Each structure stands twice: as structure tokens, then as C-alpha cells.
1. Pick from A:Asp113, A:Asp15, A:Asp180: which residue has the top mean-square fluctuation in a GNM of chain A where Cα pairs under 10 Å get a spring?
2. Peptide B:257-266: average number of partner chain Cβ atoms within 10 Å per residue?
3. Using a cut-off of 17 Å between alpha-carbon atoms, which lysines can reach B:Lys51, once sequence neighbours fewer than 8 places away in the same chain are excluded?
4. Using a Förster radius of 30 Å, what is the FRET efficiency between A:Asp130 and A:Lys4 based on their Cβ-Cβ separation? Nearest 0.05, please.
5. In whole Å, what are the extents of the stretch B:138-271 along the principal axes defined by its C-alpha atoms, from largest to smallest?
6. Classify the stretch A:317-395: rounded, prolate or oblate, from the alpha-carbon gyration tensor (a ≥ b ≥ c, eigenvalue square roots; a/c under 1.5 rounded; otherwise prolate if a/b is larger than b/c)?
7. Looking at chain B, which longest stretch skips every one of the GluC sites (Glu not before Pro) that is in a DSSP loop with at most 12 other Cβ atoms within 10 Å, leaving the sites themselves out?
8. Return the average number of partner chain Cβ atoms within 10 angstrom of each residue Cβ along peptide A:317-330.
Amino acid sequence: MSDKVYEEIQNTQLDEIFSKPYDPELAEKLYNPQKPMENRITDIGPPHYAQFFPPVIKKNYGKWVSHEIIQPGVIKYKSETGDVVYAVRVGCARLVTTDYIREVCEIADKYCDGYVRWTTRNNIEFHVTDEEKLRALLDDLKGRKFPNGSYKFPVGGTGASVTNIVHTQGWVHCHTPAIDASGVVKAVMDELFDYFGSHKLPAQVRIALACCLNMCGAVHCSDIAILGIHRKPPLVEDDRLQHVCEIPLVVAACPLGAIKPATVEIDGEKKKTVRVNKERCMFCGNCYTMCPAMPLADGEGDGIAILVGGKISNRISPPKFSKLVIPFIPNEPPRWPTTVKWIKKILETYAQHARKYERLGEWAERIGWERFFELCEIPFTEKSIDDYRLAYDTYRTSLHFKFTSHVEPM
Amino acid sequence: MADIKKHDTPMVDELKGGPWPSFVDDIYSYAEKHQKQACFDLMGQLELSYKHKETHWKHGGIVGVFGYGGGVIGRYSDQQDKFPAIWAFHTVRVNQPASKWYHSSALRKLCEMWDHRGSGMLNTHGSTGDLVLLGTVTEQLEPIFFDLTHQMNMDLGGSGSNLRTPSCCVGKARCEWSCIDTQALCYDLTMTYQDELHRPAFPYKFKFKISGCPNDCVAAIARADLSIIGTWIDDIRIDQEAVRAYVGGELKPNAGAHSDRDWGPFDIQKEVIDLCPTQCMHWDEKEKKLYINNKECNRCMHCINVMPEALRPGTDTGATILMGAKAPILDGAQLSTVIVPFMRLEPPYDNLKELIEKTWDFWMENGKNRERLGELIQRIGLNRFIVDVLGLKPIPQHVREPRSNPYVFWKEEEVEGGWDRDVAEFRKRHPA
Ligand code: HEM
Ligand code: HEM
Ligand code: HEM
Ligand code: HEM
Ligand code: SF4
Ligand code: SF4
Ligand code: SF4
Ligand code: SF4
């Protein structure tokens, strides 16, 4: 470890600015629309991380020697100084209100000197240094529920569990989604709840959701990926297009060259617009990203694709992409029962058959994807045979396959 | 206060039940308590989306704060009559502190500001890492920015064709495996490249992500144009005493990660030695001793994950630098590819910054509009990128395997005598 870094961390104190009350009128006094540069502060970057380290984290920075998950959701870390810290991981909906954050603050103040952190997968972690506080904290968390009974702070997400679902905005905020995000996540996690707070899977299972092919959620390397897809080519609003889009950019945006410039006559007036070669379209939505006059969304056309077997970590086998096993499930708000059913089926088939430490994709590769489809009872369709770029990489060019129920001797 | 209009949301209400934290219950509780029309309207519009199975947000408009080219995502409802409180509903990306630790004093103040100036709803956190304040109107953007910078010493994150907000794992703050100071590096890069973060000048977006070890908890290898993943170049540290404790069943394998199922007694041969991808380990049953042929280890972390009390990464640490991951749009997704197998990372990280700036210079000059670095590398060839652009030595670590076609683009200067030949001379040797 760099001593310089350690020293900097020790010397960083909690910024006093946070203990000064919020002044709701200050901004209007400082900001002058006529002179926008007046009083403007820019490029200060994020607050220094170390001011938010609890004392035990600060002191033991770089000195941790080992850890143990003493129960699902609780990791005990030991330092070479003899100190220990218990991290308590709880699930969080990601889409939350300030009242919820204030409740997090209240818990943090009560047990953790006010300190708290979020993980990469939208979980919250509380830290305590003794077992008594730990028990009190766990009890307290268990009792906190929303009015209709869901847990505010379910403990889990460690070890061989299903941890929180990384996801995107969906119908709550984005303009391009094929599916909702928060609602699907809620429906799936309700059904898999038991796996969040326990360690009974062969290895960790990471689920991610992205509501369109842009994949802000970067789901492509997840054990189970829920992906929103469109299936209808873009509409073209001829009368509006030239006013809201740069036609050359729209044409260039299509990865398949399916868009051509065109001219039409509307009420005797010539209008510049585009034409889409619908057979070529792969419904990626790039055109809509460039041009609001080319919407794709459609209640019947849109839905969910399920991809499985991806991973990020380098553990045992290299990182892998998720593979398309179910090409389409219709949108079924509010609880997406077919999607939930398939995810549970895949998860539990994996749990039943995989070896200890084996990730979903490693299991599928060991038994062969043909066996995976058979065991999970997922109908195999031609949609799972790649016909995009680099498709050849996935063709079977050996005799190393198994005779599963798919094979009908000719 | 003006009259609050509530909407019937029978489908959305079905998400109030069940054990997982309900965003609907949270938002409605907040809406009732604070009488926030935006929250009622958002739920109303979501109900409409559940009915139509289509989004009701319009294509965003360009909004932001003076002098910055990113950090705000513009959003407008297409149901302005029905849901006037969310007719404009922009998000503000607040640059998170590295690895997302907070103190309640900071969060409470941010909450007060957001109650006052926005919807009171937020995302903890966006997939890039920012704290995302969800939903406000254009007139509030400057005041929010002034509040953040003047009253909270906080700043906006990135969006658009610029450097996106860097993010990192918890690192040495709490993880014994971290081979680098993830937060320090994340903070340093964020501060060094503020201009690149706030003022788009790139062909497209660019992301840094930093993980402390090959477990890669922030998914750097899949999500970042520049992935920095901690590793070690010396030997795995072994505590033989603790290894014996695992073998004897006194310590729980994988730190207790498998505690709720009976997998039988721990079997070091089956669970560690045989699963080692390089087959570089040996357990001597007689000696009760674990041997690792570290020269052959590819640092996959499996044995360390299984026996954290006994094994630790080495002490000569640094990072592997990879480049080029991107999501599937347009040409298909890519994982990052190894560029520098091992780089020591000490402040001020000049070696890394030199590499970054060389890469940016080339990308800014040669990248097409909306071409990610990974696509550019493919277009010009990884070999040219490594050798001609970065001036690095090509080594076998750069590829999984050598190419299997012989179609090498030899350069004229590499071929003895060059390409200019005299046909007449040729024909003297080989009459037609
Ligand atoms: C259903 C299919 C897929 C899903 C659900 C999915 C999901 C994701 C998710 C959740 C992320 C993380 C984003 C974040 O949290 O910041 C991601 C990133 C990424 N995915 Fe995928 N992914 C899918 C397919 C693919 C494919 C097929 C590839 C490549 C062939 C791919 C390559 C990548 C890359 C390179 C990133 C990093 C993206 C970036 O930062 O630009 N993904 N994916
Ligand atoms: C060409 C590809 C992409 C396009 C066109 C795109 C576009 C968008 C749009 C329109 C939004 C706004 C959503 C809203 O209304 O709040 C958004 C949000 C976001 N995107 Fe992307 N995106 C792309 C790929 C990605 C990838 C690959 C990642 C991460 C690896 C990413 C990370 C984010 C994040 C963090 C947000 C903030 C909201 C959230 O976390 O859900 N985006 N993106
Ligand atoms: C027992 C060994 C492991 C320990 C102690 C461990 C520790 C951690 C820690 C401390 C975090 C929070 C990091 C952060 O958000 O900055 C985390 C998150 C994560 N780790 Fe690991 N990790 C282990 C093994 C793995 C492995 C083997 C993988 C991948 C196969 C992995 C993938 C992840 C992912 C995807 C996250 C994000 C999840 C979240 O934040 O809730 N981890 N891990
Ligand atoms: C280093 C590059 C290569 C060289 C120098 C090379 C050379 C040759 C030669 C001299 C033959 C025998 C021709 C004859 O019988 O007259 C041959 C046959 C063949 N090569 Fe290649 N080859 C190369 C790469 C490849 C590659 C990359 C492929 C395919 C991926 C390939 C596929 C074949 C096939 C299918 C045959 C016919 C084999 C047979 O009929 O038994 N070769 N090659
Ligand atoms: S994944 Fe697509 S629909 Fe979802 S938030 Fe990102 S851009 Fe919007
Ligand atoms: S959806 Fe994609 S493939 Fe189809 S026209 Fe638009 S850009 Fe082209
Ligand atoms: S990436 Fe490695 S160092 Fe970072 S938190 Fe995960 S296990 Fe620890
Ligand atoms: S880290 Fe992986 S490759 Fe190295 S010895 Fe351990 S199991 Fe084998």
C-alpha cells in the first residue's frame, strides 16, 4: 500500500459544510441569469471519499486480513490490528424517496455513527464493530416494513445467494424502453426472496435487467439477464421528420444500413424524410436515439428476452457473455408472471444440478447447452442460433454433442 | 397548497405487496406525507404505461447547467394534461464519492435540497455509479447546481460524449484482496479529468472502472473503455496452518458462502486443486502441505476465494490495464482486452495517465462520431493499436491465441528489397 494514500485518508475529516443547515433561498441569491458566471463554482468533483469512512475503516485501511460471512448478509472482517468490523448488507429498491434515505440515516446514526455505504449492485451496507450492536441492528432492520408489509431492509445478498438485481429506468423515466424496470425487478425479487437471504445455491447468481438494447444496465455478462426488446421496425413520421432530425446522422446510425433518405409529397409540399427496409431491421432503436420521429415502442411488439450464463469474475473460467435462451416473453404488467416463472425455473434447475462453486454458465457449458435446454424444459428455437456478426463462433464444428431429446434420427 | 390530484393505479398498487422492498409503497407514503403532486403523477403515468405497455416519456431535450455539457438528462411527459407535475422531469447525476460511502449529515442535507427543488425521488445509484436525482423542472437546474456546489461541495457527474463518472469497488477500505488503492485512484482520475468529464469533446462516451482484484466486483472488464483491475506479480501468500484448519473442517470454505446447504465435508482436492484452471496446485496429504507453482498460476482467485484465511494475493501488487469494453450497440458487445499486463499504480499515477492521454489523443483524432474505443481498436487492428499507437511491445498476453489465418498485412519496409520490381527482370527468369 502507498503510505501517501494511507496518510491522506487519516488526514481527511468530515466536511463541516454538511452540519450547516440547508438554506433553501441561497441559490436564488447567488445565481444571476444575466451573469451566469457570477458566483459559479465548477469542477470541484465529488466529495473526498475518505471523509465518509467510519473510524474503524479509516484506521484499518489496507490492513484487513480475512473475512467470514457469519450469516447471510453479515460479513465479519478481521484486521491485522485485531479490530473487527461487521458489514450488514441489505437490499434496496434503487428507486427510493428522500424519506427512505432519511430512514437509512436514522439507522446509521443509531448504530453506525452516521456512516453507511451503497454497493455496486444497489445494496446498502451498515457497519458495526461489536456483536451486541450487530444483534440489535439486525433485529431493528427486520422490524422495519412499508405499510403494505414489504421489508424496507431485507438482509442478505452475500455468498451463494441471488443478490440485488442491477437494473435501469424503464417506464419510470426513459423514452426508449421496451419494458418496465422497477416493476419487473420487484416481481422477480418477490419470487426469489428466499434466495436473497440464504446461501443454498451452488454459487452466487447475478441477475440484471436492461429495458432496451442500449443496456444501460450492462446485463450482457450476468448469470441471468432480463432484456427489453422491440420487435416492430420504427414508424416514420414523414411530416415531422425533417424538422426534428438530421437525416444523414439517422442514416448513419443504423448498424444494418436499413435506412435510406427519401422525399415525399404531403399536401403538395415536398418533405425530406427516410425509408426503412423493414426486412433488414433488427429493432435496435438506434434510429430513435438519433431521431424522435422514428418511434419503435409498441404494446404488442415489445417484451422480454432472457439471456443466461454470463459472468464477470475471472474465477476458474474467464468472464463470459450471457446467451439468448428465451427470445421473447410478452409484457405482462404488473407482475410479469411468465418471466418470473422462467427465471425461477432456470434458477432452481441450476441449483439442483450444478456442482459447488459452479456458476450457471460453467454448469451449462459442462453439461452442454443441449442438456441445459432439456433440463430447464425451455423450447429451443432458431432464434437462439446467431445470425448477427461473428455468428460463426457459435456454430457446432465438432462431434462433441450429446443425444438429448432434441435429436430425431433421420 | 394547491389541490392534490390522486390517480387510480390498480395495477401499480399490486406491487405494494410481497417481501422485496416496494418502490410503490415508498413513493406513495412519501407522496401522502409531503403532498407531492409529482409522485402521484409519476405513479399515474406508470399505471398508464402498464395499461398501454408503452413508455410515456418523450425523447429528451437538451437541458443542463451553464458551462457543462452533461450531468443532466432532459425528460418530458407525453401526457402533460393528465400529469402536469411531471411534464418536465429531468434527472441530475451527482458524482458519488468513490465506492459510495456517505455520512448521514451529507445525505440529510441532500434530501432537504431535493425535497425543496425536485420530486423527492432518486436512484441509489445509476448503473455508471452516480447518485441520480430523479425528476425536476428546467428552472430548478441552476439552483440545484448552486446548492450542490455552494452548500454541499458536490458536483455533477458525466453524460454525453465525454468521460463518464469513474467508479470503483470498496477496495482496501474493507477488502483484504485489494491489490490497489481503488478509491484513491478513482478520486485522482476524477479530479485530474474534470474538464473531460464536464465538457464533451470525445467522439462518444468513455468510462473508467476500477476493481481491486480479479473478482472484479464493479464489472470493470465488461463495462469500461478503460478497465483497471488489481493483481499481483509475485506469489500467493500461504498460511499452512490455516490450510490445515480448512482441511480439518475447523474453518468454513469460501468464508461461509455455502452455509445453507449440506455439501458434505470440505475436500481440498476436489474443491480447490482440481478446480484450479491451470492445475498448478498440489496438496501433499502426507506432509499436510499446500504447494502452488506460482509461475503457472493465472490469478483467477478461486483458491483464495475458497480459503480466505489461508491464502492471500501476493505483496508485489499493481493492476492489469484493459481497454475497449462496450455494450452491444452497435457492432455487438465487447469485453475489454488486455493492453498492459502489469502496471504499478502509485500516486500521482503518471504512467497510467500517460497511457490514457495517448489513447485519448488517438481516439479524438481518428474516432468517428459515436465510435467507442473498442470499435476503433477493432477497425484499425489490435496489433496496430498496441504497436503503432501506444508504442508497446506485442506479447502473447495480448491474445488468447495467435491468429489462424495467414493474411498478414506486411508493410513494404518489412520486406527485403521493397515492393517495386521490374517485370522485365522477372520475365527474364520466367518466360511467359
Ligand atoms: C441480454 C443480453 C445482455 C444483457 C442483459 C447485458 C447486460 C449488461 C449489463 C447489466 C451491463 C452493465 C452495465 C452497467 O451496470 O453499467 C452490461 C455491460 C456490458 N455488456 Fe452486456 N448484456 C447483454 C449482452 C451483451 C452482449 C451480447 C455483449 C457482447 C457481445 C455485451 C457486452 C457488454 C459490455 C462490453 C458491457 C460494458 C458496456 C459499457 O460500459 O459500454 N453484453 N451488459
Ligand atoms: C448506445 C448506448 C446507450 C444509449 C443510447 C443510452 C441512452 C441512455 C438514456 C436515454 C438514458 C436516460 C434514461 C433516463 O431517462 O433516465 C440513459 C441512462 C443511463 N445510462 Fe445509458 N445508454 C446507452 C448505453 C449505456 C451503457 C452501456 C451504460 C452502462 C454501462 C449506460 C449507463 C447509463 C446510466 C448509469 C444511466 C442513468 C440511469 C440508470 O442508471 O438507469 N448507458 N442512457
Ligand atoms: C468470497 C469472496 C468474495 C468477497 C469477500 C467479495 C467481496 C465483495 C465486496 C466487498 C463487494 C462490494 C464491492 C463494492 O460494491 O465495492 C462485492 C461485490 C460484488 N462482488 Fe464480490 N467478493 C467475493 C467474490 C466474488 C466473486 C467470486 C465474484 C464474481 C464471480 C464477485 C462479484 C461481485 C459482484 C458482481 C459484486 C457487486 C455486488 C454487490 O455490490 O452487491 N465477488 N464483493
Ligand atoms: C498458415 C496458413 C495455411 C497454409 C500455409 C495452408 C496450406 C495448405 C496447403 C499447402 C494445403 C494442401 C493443398 C493441396 O493438397 O494441394 C492446404 C489444404 C487445406 N487447408 Fe490450408 N493452409 C493454411 C491455413 C488454412 C486455414 C486457416 C484453413 C481453414 C481454416 C485451411 C484449410 C485447409 C483445407 C480445408 C485444406 C484441404 C485439406 C484436405 O483436402 O485434406 N488452411 N492448406
Ligand atoms: S436501457 Fe434503454 S430504455 Fe433502459 S434506461 Fe437505458 S436507454 Fe433507457
Ligand atoms: S431499429 Fe435499428 S436496425 Fe431498425 S432501422 Fe432503426 S437503427 Fe436500423
Ligand atoms: S474486486 Fe476484489 S478487491 Fe474489490 S471488493 Fe471485490 S473482491 Fe474485493
Ligand atoms: S488463483 Fe486460480 S490459478 Fe492461481 S493457484 Fe489459485 S486456483 Fe490456481
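Read the figures in this text as sums done on the coordinates, not as results from a lab. Keep in mind the model is a prediction, meaning the values are calculated, not measured. Every residue, glycine among them, receives a Cβ derived from its backbone with ideal geometry; neighbour counts consider all protein chains shown.
1. Of A:Asp113, A:Asp15, A:Asp180, the Gaussian network model singles out A:Asp15 as fluctuating most.
2. Whole-number average of other-chain Cβ neighbours for B:257-266 is 6.
3. B:Lys82
4. On the way: r = 32 Å, r/R0 = 1.06.
E(calc), rounded to 0.05, equals 0.40.
5. Principal-axis extents of the Cα atoms in the stretch B:138-271, largest first: 65, 31, 22 Å.
6. Details: a/c = 1.86, a/b = 1.10, b/c = 1.69.
Because a/c hits 1.5 or more and a/b fails to exceed b/c, the stretch A:317-395 counts as oblate.
7. Result for the longest clean stretch: B:1-249.
8. 2
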